[in-house]
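Data block below; observations after.
The values are calculated or read from the model by the stated rules, or taken from the named source; none is laboratory data. Just so it is clear, the structure is predicted and the values come from calculations on it, not from any experiment. All Cβ positions, glycine included, derive from the backbone under ideal geometry; neighbour counts span all protein chains shown.
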Amino acid sequence: MSHHDERTFVMVKPDGVNRGLIGEVVSRFEDRGLKLVGAKFMQIDEELAHEHYGEHADKPFFDGLVEFITADPVFAMVWEGADATRQVRRMVGETDPAESAPGTIRGDFGLDLGQNVIHASDHEDEGANEREIDLFFDEEELIEWTPIEETWVYEDA
Ligand code: GDP
Ligand code: MG
């Protein structure tokens, strides 16, 4: 295991899918030098939505959140790289797009807290990345591979 094999879970939410932003989002992580190790286009059912957003079950926005995330397909992904969880969150921006800096995904593509384009595992929630990967992907759906450009991303690759 090397220092640059941290994995994180990311998904384009139904608003991002409907707005044709899958390619844009994938491009940003590819351009950063992160490695895609899993991806699927899928629809989240009620049960998965409750599990994924369980920490928010008591919040007033929970029912609306479940309705939103199950309304249409999502594009779920696993990205790998050095400090991947934290770096992806930096690229995603703040929870509220209105507070997200331009240059971040939410800051460039969103205006509304309830429709913020993308989910990414929280780096401040220890183990959230692994839990979310396990929830959405089977082990055999994750691919170990070495992109040809890797030696030009990491000095010690
Ligand atoms: P995240 O980790 O940045 O996605 O944010 P949270 O874990 O705090 O919340 C999960 C998701 O719930 C957010 O991405 C939003 O889609 C939604 N959400 C959070 N807070 C609110 C809120 O106050 N109102 C609404 N409508 N949705 C919210
Ligand atoms: Mg969160």
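Considering Glu132, Glu47, Glu144, which residue is of a type outside the set (S, T, N, Q), assigned to a helix (DSSP H, G or I) and touching a residue at least 40 places away in the same chain (Cβ under 8 Å)?
Within the list Glu132, Glu47, Glu144, the selection yields Glu132.
Search the range 93-127 for residues being among the hydrophobic types (A, V, I, L, M, F, W, C) and more than 13 Å from ligand 2 (Cβ to nearest atom), and hand back the single one that is nearest to Asp31 (Cα to Cα). Step by step, filter the range 93-127, then rank; the result is Ile105. Checking each residue in the range 56-110 for being in a helix (DSSP H, G or I) and without any contact (Cβ under 8 Å) to a residue 12 or more places away in the chain picks out His56, Phe62, Asp63, Glu67, Glu99, Asp108.
The conditions of being surrounded by 12 or more Cβ atoms within 10 Å (Cβ to Cβ), within 19 Å of Ala84 (Cβ to Cβ), among the acidic types (Asp, Glu) and away from ligand 2 (no atom under 16 Å from the Cβ) are not met by Glu130.
From the list Val74, Val66, Val78, the lone residue that is within 27 Å of Val153 (Cβ to Cβ) and modelled with pLDDT of 95 or more is Val78.
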